[in-house]
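To start, the structure itself, in structure tokens.
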Amino acid sequence: MRIREHPILRFPAGGKISFFFDGREVEAFEGDTVAGALTAAGLRILAHSRRLGRPRGLFCAIGNCASCLMEVDGQPNVRVCVEKVRPGMQVCSQAGKGRLL
Amino acid sequence: MTGGVRECDVLVIGGGPAGLCAALAAASCGVGVIMAERDGHLGGQLAKQTHKFFGSARQFGGERGFLIAQRLAAEAENAAGIEILTETPVLGIYEDGVATLLHRGGHMKVRPRKIVAACGAAENFLAFEGNDLPGVCSAGAAETLINAQGVLPGRRALMVGGGNVGLMVAYQLLQAGMEVPALINHAPQIDGYWVHAAKIRRSGVPILNSTTIKSAYGNGQVEGAIICEVDENRQPLPGTERRVECDLICLAVGLSPLNGLCQQAGAALAYIPELSGHVPVTDEYLRTSQEGLYAAGDAAGVEEAATAMEEGKIAGLSAAVALGYGGTAAQEALTEAAAELKRLREGPMSERIRRGLAVLRSEVIKC
């Protein structure tokens with residue numbers, strides 16, 4: 001969900017784009033963070049913990065913590081709360097720790 | 001540039017209120033500044049704050065946080081002598097005085113003559129059953145989503161924490177169109193300004209003091225919380241459990257200074273609970289024990305934006321004066337900023353800060 005009316009702020013919508021979350025097409029606006037666009041689409045489970053498989057979501061939204069690490073265009077451990085969406089971007093729930101090289 | 005290492009007078013780490021004021025103050029003395037900000041925009045967390053600030057015109061009293069951020073950012077962008085690098089986190093400060101910055105996918109090496117660390121703070125987590133469920137987030141995260149991105153993180157949010165962050169963000173959630181069934185606070189009385197508490201009470205949100213969160217529940221994500229009352233020792237009172245239906249649980253349980261770079265650079269830290277944790281030991285000029293390194297704002301002890309701005313000025317001016325810039329005008333500005341900071345801390349809400357600083361400054365002698 002997005003805010004339509006606000007007493008103080010205005011949110012001019014950027015151009016509409018789309019990206020992919022685990023292969024599913026998600027609508028977003030230019031300037032959105034990945035986590036923001038997923039949250040707006042009602043998608044709050046970003047990953048599962050490695051050992052117990054517990055669902056993981058957004059915690060700090062400003063790049064301080066490691067709660068929202070995902071694989072973006074093949075690169076693991078991207079903090080999607082501060083990563084901006086790009087058209088056609090492939091965002092995937094990360095399996096395991098990810099590989100650096 | 002020598003051997004790929006850039007030289008500059010002052011490196012300011014962080015483009016929030018403290019960093020911006022440090023850069024502006026130093027540049028006003030003729031100092032060449034590089035300001036490195038990890039995020040894509042300047043203003044730090046002020047950029048998402050919609051409430052009006054208190055205080056005098058000097059600290060932009062009466063103006064909304066995000067407008068103060070815009071104003072300071074514009075000043076810095078137009079100032080001669082400040083090179084602003086956004087999306088540029090500082091990775092480390094090394095023994096040879098070189099700082100490594102991550103800039104456009106590569107490492108940028110900078111050898112500054114002085115460094116101001118204005119890295120800010122991170123929000124605290126809280127231990128309770130189910131605290132890892134999606135839908136449990138920091139109050140600042142909810143604030144970022146609603147105010148900076150126009151996205152609703154849920155429909156109905158339980159706010160945990162009765163300090164200013166909890167009180168103000170609860171009100172901002174209402175302004176964004178969300179429901180707030182309650183604000184719970186483990187202390188017997190709120191720890192924020194009553195004017196913020198009055199706003200959410202007038203809006204019909206109950207403030208439940210001496211109450212804590214016992215657990216969050218839900219199938220895969222938050223569907224509710226169990227709250228309970230606590231006794232005078234802040235221990236849960238059996239039999240007082242209550243269910244609160246909500247799809248978001250916001251934690252406003254304090255912040256911790258981001259001290260990593262200061263520590264890594266070799267500055268002595270002290271644990272001062274009144275300043276929210278481990279902070280670099282600083283003197284009144286905000287010099288750390290590490291030669292040439294200054295600390296300002298929440299990174300030097302969690303407080304508020306008005307004091308962070310004055311601290312930024314002090315650190316920036318101290319660095320400029322130490323480099324021989326600014327003459328008597330800089331000395332006078334430094335004295336003025338120090339007096340203003342002292343004045344800002346005279347109120348009853350600053351009693352804890354005054355106590356913490358007294359302990360911190362007594363640590364200087366040991367370093």
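The values are calculated or read from the model by the stated rules, or taken from the named source; none is laboratory data. Here the structure is a predicted model, which is why all the values come from computation and not from measurement. So basically every Cβ, Gly included, is an ideal-geometry build from the backbone, and we count neighbours across all protein chains shown.
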Residue match in the range B:87-99 (condition: touching a Pro at 6+ places or on another chain (Cβ under 8 Å) and facing chain A (nearest Cβ under 10 Å))
no
I'd like the full set of residues that are under 20 Å from the mean Cα position of the chain (by Cα), within 9 Å of chain A (Cβ to nearest Cβ) and among the β-branched types (V, I, T), limited to the range B:140-162.
B:T144, B:I146
Among the residues of the range B:147-166, count how many are more than 13 Å from B:C250 (Cβ to Cβ) and in a strand (DSSP E or B).
1
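In contact with a Ser or Thr (Cβ under 9 Å, 6 or more places away or on another chain), more than 11 Å from chain B (Cβ to nearest Cβ) and surrounded by 11 or more Cβ atoms within 10 Å (Cβ to Cβ), is that true of A:G98?
It is false that A:G98 is in contact with a Ser or Thr (Cβ under 9 Å, 6 or more places away or on another chain), more than 11 Å from chain B (Cβ to nearest Cβ) and surrounded by 11 or more Cβ atoms within 10 Å (Cβ to Cβ).
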Just checking, does the range A:83-99 include any residue being within 27 Å of B:R64 (Cα to Cα) and either touching a Lys or Arg at 6+ places or on another chain (Cβ under 9 Å) or at pLDDT below 95 (or both)?
no
Mind checking whether some residue in the range A:60-67 is within 9 Å of the chain's Cα centre (by Cα) and hydrophobic (A, V, I, L, M, F, W, C)?
no
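Residues checked against (1) surrounded by 15 or more Cβ atoms within 10 Å (Cβ to Cβ); (2) facing chain B (nearest Cβ under 7 Å):
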site: A:R4; (1), (2): no, no
site: A:G14; (1), (2): no, no
site: A:S18; (1), (2): no, no
site: A:V26; (1), (2): yes, no
site: A:G31; (1), (2): yes, no
site: A:A35; (1), (2): yes, no
site: A:S49; (1), (2): no, no
site: A:R56; (1), (2): yes, yes
site: A:C60; (1), (2): yes, yes
Restricting to the range B:121-139, and then to whatever is more than 7 Å from chain A (Cβ to nearest Cβ) and within 24 Å of B:G14 (Cα to Cα), can you tell me which residue is nearest to the chain's Cα centre (by Cα)?
B:A121
Tell me, which strands (runs of 3 or more DSSP E) lie completely within the range B:167-269 with 1 or more residues that are within 12 Å of chain A (Cβ to nearest Cβ)?
B:211-217, B:248-251, B:255-257
Can you name the residue in the range B:1-58 that is of a type in the set (D, E) and without any contact (Cβ under 8 Å) to a residue 60 or more places away in the chain and is also farthest from B:L91 (Cα to Cα) among such residues?
B:D39
Among (1) at pLDDT below 95; (2) farther than 24 Å from B:T240 by Cα, which single condition is B:V169 missing?
(1)
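Considering B:A118, B:A127, B:A76, which residue is out of contact with any Lys or Arg (no Cβ under 6 Å at 6 or more places or on another chain) and without any contact (Cβ under 8 Å) to a residue 60 or more places away in the chain?
B:A127
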Strands (runs of 3 or more DSSP E) lying entirely in the range B:1-105 (those with 3 or more residues that are surrounded by 22 or more Cβ atoms within 10 Å (Cβ to Cβ))
B:5-13, B:33-36
So, in the range B:51-80, of the ones that are farther than 19 Å from B:A315 by Cβ and in contact with a strand residue (DSSP E or B) (Cβ under 6 Å, 6 or more places away or on another chain), which residue ends up modelled with the highest pLDDT?
B:R64
Taking B:K48 as meeting all but one of (1) out of contact with any strand residue (DSSP E or B) (no Cβ under 6 Å at 6 or more places or on another chain); (2) closer than 19 Å to B:E311 by Cβ, write down the number of the exception.
(2)
Return the only residue of B:E310, B:E332, B:E336 being of a type outside the set (A, V, I, L, M, F, W, C), in contact (Cβ under 8 Å) with a residue 24 or more places away in the chain and under 30 Å from B:R64 (Cα atoms).
B:E310
Would you confirm whether or not the range B:342-350 contains a residue that is of a type in the set (D, E, K, R) and surrounded by 19 or more Cβ atoms within 10 Å (Cβ to Cβ)?
no
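Please specify each residue of the range B:216-265 satisfying the condition of being hydroxyl-bearing (S, T, Y) and surrounded by fewer than 16 Cβ atoms within 10 Å (Cβ to Cβ).
Selection gives B:Y217, B:T240.
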Look at B:V279 and say whether it is part of a helix (DSSP H, G or I) and farther than 21 Å from B:L24 by Cβ.
no
Condition first: of a type outside the set (S, T, N, Q), touching a helix residue (DSSP H, G or I) at 6+ places or on another chain (Cβ under 7 Å) and in a loop (DSSP other than H, G, I, E, B). Can you find one or more residues in the range B:125-140 that meet it?
no
Collect the residues in the range A:62-85 that are assigned to a loop (DSSP other than H, G, I, E, B), within 14 Å of chain B (Cβ to nearest Cβ), farther than 19 Å from B:V136 by Cβ and not hydrophobic (A, V, I, L, M, F, W, C), keeping them in residue-number order.
A:D73, A:E83
